[in-house]
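Have a look at the structure below, then the notes.
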Amino acid sequence: MGTVRMLLFSVILSPWVLSLTGKHFNQDSTLRLKQQDVLFDREVYLEARRSKREAAALWLGEDYDSRMVFLPADEPDDAPASELPTCLLCVCLTGSVYCEEVVPEMTAVPTLPKETAYLYARYNKINKITNKDFAEIVTLKRIDLTGNLISEIQDGAFSKLTLLEELNLAENHLVKLPMLPGKLTTFNANHNQLKTKGVKANAFKKLRQLVNLFLGDNELEAVPVIPETVRIIHLQNNNITDVTSDTFCNGNNTYYIRPNLIEVRLDGNPVLLSKSPDSFTCLKSLPVGKYR
């Protein structure tokens, strides 16, 4: 226990925290005494939490080093989340930050180490994403904010994330979408409150690497323009009432074939697909949905 205490104390006082790659995560070296007390109270949980950190590492597919002393926030304490360093609230592993169900409550995107490539901040109470949250974290490749309370995203919030490939905003309270980064391959906004007026018709048109598009369980009344690269699109349980020969195909070209699009879900919508048989002639398989 004494060895663990000394190790933890040395990390707290150090102005730098080493990541597993040997890179440095800059940390505030002047933590308040109250914060230090909180950290020392957690010392008794170190050994008990080790297995949980190992499980988190396996879930993330990252290497795990038992010498790391970053703790997940499993137990309530007196200091609000905003006053504690991110890597003491969350698990930080090789450029990944894992913050799931943080206690005390996390209501905003945490300050991230500049080398962060993967952020998992699921099932918290984050309610808004601002233009400043990711402005300096240009290394991000994946953001997962599933299961928060996000109702607003400023339009430029993701504009600087030129490497971002996967964005998961499922199970939030969004009524409209912001501008999306051009290199996205997967976008998930299932289980929100998106309406047609909140999703511009060409919102996805310029995403030339998009493969997976999930917009199920929303309030959309029309199908947005779908890039040629998309293989899977989920639009189930919306309010879509109509599809035309231009929705998925090219109505002016009867020879047009769309080989990439292999899965279309339209089940749970009012639209009767059998009324538009010419709308799917370019597809390899018929959409899932109501035909009679």
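The values are calculated or read from the model by the stated rules, or taken from the named source; none is laboratory data. It should be emphasised that the depicted structure is a prediction, and the values quoted were computed from it without experimental measurement. All Cβ positions, even for glycine, are placed from backbone atoms using ideal geometry, and neighbour counts span all protein chains on display. Quick note on the areas: whole protein, heavy atoms, side chains included, nothing else; ligands and nucleic acids left out. Shrake-Rupley method; radii C 1.70, N 1.55, O 1.52, S 1.80 Å.
Pairs linking a residue in the stretch 99-112 that is acidic (Asp, Glu) to a residue that is surrounded by fewer than 23 Cβ atoms within 10 Å (Cβ to Cβ), with Cβ atoms under 7 Å and 6 or more positions apart or on different chains, are 100/120; 100/122; 100/123; 101/123; 105/81; 105/125.
Condition check ((1) touching a Leu at 6+ places or on another chain (Cβ under 6 Å); (2) among the acidic types (Asp, Glu); (3) part of a loop (DSSP other than H, G, I, E, B)) across all residues:
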site: 123; (1), (2), (3): no, no, yes
site: 126; (1), (2), (3): no, no, yes
site: 131; (1), (2), (3): no, no, yes
site: 139; (1), (2), (3): no, no, yes
site: 143; (1), (2), (3): yes, no, no
site: 147; (1), (2), (3): no, no, yes
site: 158; (1), (2), (3): no, no, yes
site: 161; (1), (2), (3): yes, no, yes
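Evaluated against (1) surrounded by 15 or more Cβ atoms within 10 Å (Cβ to Cβ); (2) of a type outside the set (Ser, Thr, Tyr); (3) under 25 Å from residue 184 (Cβ atoms), residue 289 falls short on exactly one condition, (3).
All conditions in (1) modelled with pLDDT under 95; (2) open to solvent by less than 40 Å² (accessible area, probe 1.4 Å); (3) at positive phi hold for residue 69, with the sole exception of (3). Contact list please: Cβ distance under 9 Å, first residue in the stretch 257-271 and under 10 Å from residue 223 (Cβ atoms) and modelled with pLDDT of 95 or more, second residue of a type in the set (Phe, Trp, Tyr) and open to solvent by less than 40 Å² (accessible area, probe 1.4 Å), pairs at least six apart or on different chains. Once the first residue is under 10 Å from residue 223 (Cβ atoms) and modelled with pLDDT of 95 or more and sits in the stretch 257-271, its partners that are of a type in the set (Phe, Trp, Tyr) and open to solvent by less than 40 Å² (accessible area, probe 1.4 Å) give 264/248; 264/280.
If only residues of the stretch 255-280 that are among the polar types (S, T, N, Q) and touching a Ser or Thr at 6+ places or on another chain (Cβ under 7 Å) are counted, the one that is most open to solvent (accessible area, probe 1.4 Å) is 260.
Counting the residues of the stretch 239-254 that are within 16 Å of residue 225 (Cα to Cα) and open to solvent by less than 70 Å² (accessible area, probe 1.4 Å) gives 9. Within the stretch 189-216, the residues that satisfy the criterion of being out of contact with any strand residue (DSSP E or B) (no Cβ under 6 Å at 6 or more places or on another chain) and over 14 Å from residue 176 (Cα atoms) are 205, 206, 207, 208, 209, 210, 211. Taking the stretch 86-101 as the range and being modelled with pLDDT under 90 and under 22 Å from residue 149 (Cα atoms) as the test, the residues that pass are 86, 89.
Return yes when residue 183 is part of a loop (DSSP other than H, G, I, E, B), without any contact (Cβ under 8 Å) to a residue 40 or more places away in the chain and surrounded by fewer than 17 Cβ atoms within 10 Å (Cβ to Cβ) and no when it is not. When the stated conditions are applied, residue 183 passes them. Can you name every residue in the stretch 186-198 that is farther than 14 Å from residue 158 by Cβ and in a loop (DSSP other than H, G, I, E, B)? If the condition is that a residue be farther than 14 Å from residue 158 by Cβ and in a loop (DSSP other than H, G, I, E, B), then 190, 191, 192, 193, 194 are the ones that fit. Applying the selection to the stretch 204-221, what residues are part of a loop (DSSP other than H, G, I, E, B) and either charged (D, E, K, R) or surrounded by fewer than 20 Cβ atoms within 10 Å (Cβ to Cβ) (or both)? Once the filter is applied, which keeps residues that are part of a loop (DSSP other than H, G, I, E, B) and either charged (D, E, K, R) or surrounded by fewer than 20 Cβ atoms within 10 Å (Cβ to Cβ) (or both), the stretch 204-221 yields 205, 206, 208, 209, 211, 217, 221. Taken as a whole, the condition of being more than 30 Å from residue 243 (Cβ to Cβ) and part of a loop (DSSP other than H, G, I, E, B) does not apply to residue 171. When 135, 201 are screened for being open to solvent by 50 Å² or more (accessible area, probe 1.4 Å), in a loop (DSSP other than H, G, I, E, B) and either free of Cβ contacts under 8 Å to residues at least 12 places away in the same chain or aliphatic (A, V, I, L, M) (or both), only 201 passes.
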